[in-house]
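Below: one structure, written as structure tokens.
The values are calculated or read from the model by the stated rules, or taken from the named source; none is laboratory data. Computed from a predicted model, the values in this text were never measured in an experiment. Note: ideal-geometry Cβ built from the backbone for every residue, glycine included; neighbour counts use all protein chains shown. Just so you know, the surface numbers come from the protein's heavy atoms only, side chains and all, with ligands and any DNA or RNA stripped out. Shrake-Rupley method; radii C 1.70, N 1.55, O 1.52, S 1.80 Å.
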Amino acid sequence: ARITPTPLGEGKSTVTVGLVQALTAHLNINSFACLRQPSQGPTFGVKGGAAGGGYAQVIPMEEFNLHLTGDIHAITAANNLLAAAIDARILHENTQSDKSLYNRLVPVVNGVRGFSAIQLARLRRLGINKTDPETLTEEEISKFARLDIDPATITWQRVVDTNDRFLRRITVGQANTEKGFVRQAQFDIAVASEIMAILALTTSLQDMKERLGKMVVANDHKGEPVTAEDLGVTGALAVLMKDAIKPTLMQTLEGTPVFVHAGPFANIAHGNSSVLADKIALKLVGEKGFVVTEAGFGADIGMEKFFNIKCRASGLVPSVVVLVATVRALKMHGGGPSVTAGAPLKKEYTEENLQLVADGCCNLQKQIQITQLFGVPVVVALNVFKTDSPAEVDLVCKIAKESGAFDAVPCNHWSDGGRGAVKLAQAVEKAANQKNSFKYLYSLELPIVEKIRIIAQKVYGARDIELSPVAQSQVDRYTRQGFGNLPICMAKTHLSLSHQPERKGVPTGFILPISDVRASIGAGFIYPLVGTMSTMPGLPTRPCFYDIDLDPITEQVKGLF
């Protein structure tokens, strides 16, 4: 994981790759990196790809950062099939009688009328223990055929893997063929889809299929949840996802193995690579080997979710946390000028300034404290840039050790490959042998609001939380529907410990506003939206795509990073 980053990122993926190169190629210790597949949103937007960089990267980098084996496209197809099914079902129910609806849902085929397997399952859930379509009463036909979805409660959105701010609020159903069924909707970025979260948390095809069926897409007019299983689409979703469940095997520049699988953002989802990749990698490295898996963004977001959500799903206990920091980010937290993607760095970031570094280490100290909440040893990896002075590097490592880190190591893997991360690898090996008293931050039995409050106060440093009326009503609804015992997945900016991206360092005394609360029942968590958090990023004035090109002769891709 890492400290609160600048918009440029601090090299967490690069450190992950450098560490496994050091462990395996230089220390002869079996290791596997488990990385997320990057979204094309940041690849063509601001941040670029996620293959690492310099001499510590995954190859082939172009395939890694583009379509790879199509997992994100499969998620997009599955997600949007379900979205189409919701609107189509409402239209058909609004324009047909019970009898005609039933006759179309259970048609006569070659003179025979029968329920499909998923329809029989729905009948059983409704308490109708019949298998012959001709024996249902009028009341049972109505109950079976009508989902009675309340359009105002639809939470399932369409997705696309592009940063497109103009899809944040749209209107669907404007064609005459939709008979006046018009509603406000939105697109999310594809990696924010619950199906992506399910892919990252599932343990088998059977488990994935069950999770897909449990996804709640809306409520009916009685306030009861409507699921993908109710819409009859579970099997089709599983078919679209059958290959995506398999991790993709790649390698680093030094030939060490990497699993690339799943890619949820940590600010709007749970931000971790897959449980399946971790488990397969653990099996392959053996008892004394290491699996280095990444948790997106800062320890306040990706790592907190790794422990409270992913570890609960996998049953795995981490041995050590590697916390990535840079002098650049620490200077920003110390009061340095704002860092903007595409703009040259101000001189404060390219010249020695020990005071800025010392002042900014408060954020590093806070992230170390967050790690200690979970009882896992932490090693700070300082990702060294060529503009960092030896005095700045020494100061960061000194403060990190004094603040409770097991060790703090400068890393030069970007320029030197695995050789530049050997000291980090040795520190990780030693830390992994320390006493581990891993624990979750909260009990699942606590009320939803109390779990949110614990994260806000203990992790973010908030004084308290404030729920909007919409958020409170959603909490009440999910509690009433029996979903109150799920873990919490906060949707919050990654650029600050608070909800305000411009507040750097360690903000205190703030009230964390919860604007809405949604549920990913298939994935298995409740996700509150903090402040004005958007689930669809936008493009900046000068996106990365200005620098991306293809040589038509050699077919070589240029400009990806």
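Quick look at the values:
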read-out	value
Of the GluC sites (Glu not before Pro) in the range 263-309, those whose Cβ has at most 10 other Cβ within 10 Å and which sit in DSSP loop	GLU287
Shape category assigned to the range 72-240 from the gyration tensor of Cα positions, a/c cut at 1.5	oblate
1.4 Å probe accessible area per residue over the range 72-240, in Å²	48 Å²
Lysines with Cα under 17 Å of LYS283, excluding same-chain neighbours fewer than 8 positions away	LYS246
Packing-based order for 6-12, 381-387, 434-440, 191-197, using average beta carbon neighbours within 10 Å, highest first	191-197, 6-12, 381-387, 434-440
Residue-averaged 222 nm ellipticity for the chain, from DSSP H runs of 4+ at -39500 (n - 2.57), nearest 500	-9500 deg cm²/dmol
Cβ-defined net charge surrounding PRO447, 14 Å radius [Lys, Arg +1; Asp, Glu -1]	+1
The range 413-561 - Rg and Dmax from Cα coordinates, angstrom	21.4, 62
DSSP-assigned coil residues among trypsin sites (Lys or Arg not before Pro) in the range 277-333, each with at most 14 further Cβ atoms within 10 Å	LYS288
Long-range HN-HN contacts of ALA519 with modeled amide H, under 5 Å	TYR527
Sparse-neighbour loop sites [trypsin sites (Lys or Arg not before Pro); the range 167-223; at most 12 other C-beta within 10 Å; DSSP]	ARG169, LYS179, LYS222
At least 24 Å along the helix axis (C-alpha) and Kyte average at least 0.0, DSSP helices within the chain	71-95, 354-373
Beta bridge orientation in the range 411-529: antiparallel %, DSSP, nearest 5	45 percent
Carbon and sulfur %, accessible surface of the range 461-561 computed with the full protein complex present, 1.4 Å	53 percent
Accessible area in square angstrom per residue, the range 295-338, 1.4 angstrom probe	19 Å²
For the range 302-310, 3J(HN,Hα) per residue [Karplus equation, 6.51 cos²θ - 1.76 cosθ + 1.60, θ = phi - 60°, Hz, x = Gly/Pro]	x, 5, 4, 6, 4, 6, 7, 10, 5
Beta bridges per DSSP with both ends in the range 477-561, % antiparallel, nearest 5	80 percent
Positive-end extreme of charge dipole, the range 72-240 - chosen from GLN96, PHE181, ILE72 (charges on Cβ)	ILE72
Fraction of beta bridges assigned by DSSP in the range 72-240 that are antiparallel (%, nearest 5)	75 percent
Whole-percent carbon and sulfur share, accessible surface of the range 351-460, 1.4 Å	50 percent
Heavy-atom accessible surface of the range 72-240: percent carbon and sulfur, 1.4 Å	52 percent
Cβ-placed point charges (K, R +1; D, E -1), dipole of the chain about Cα centre in debye, nearest 20	720 debye
Accessible area in square angstrom per residue, the range 448-530, 1.4 angstrom probe	35 Å²
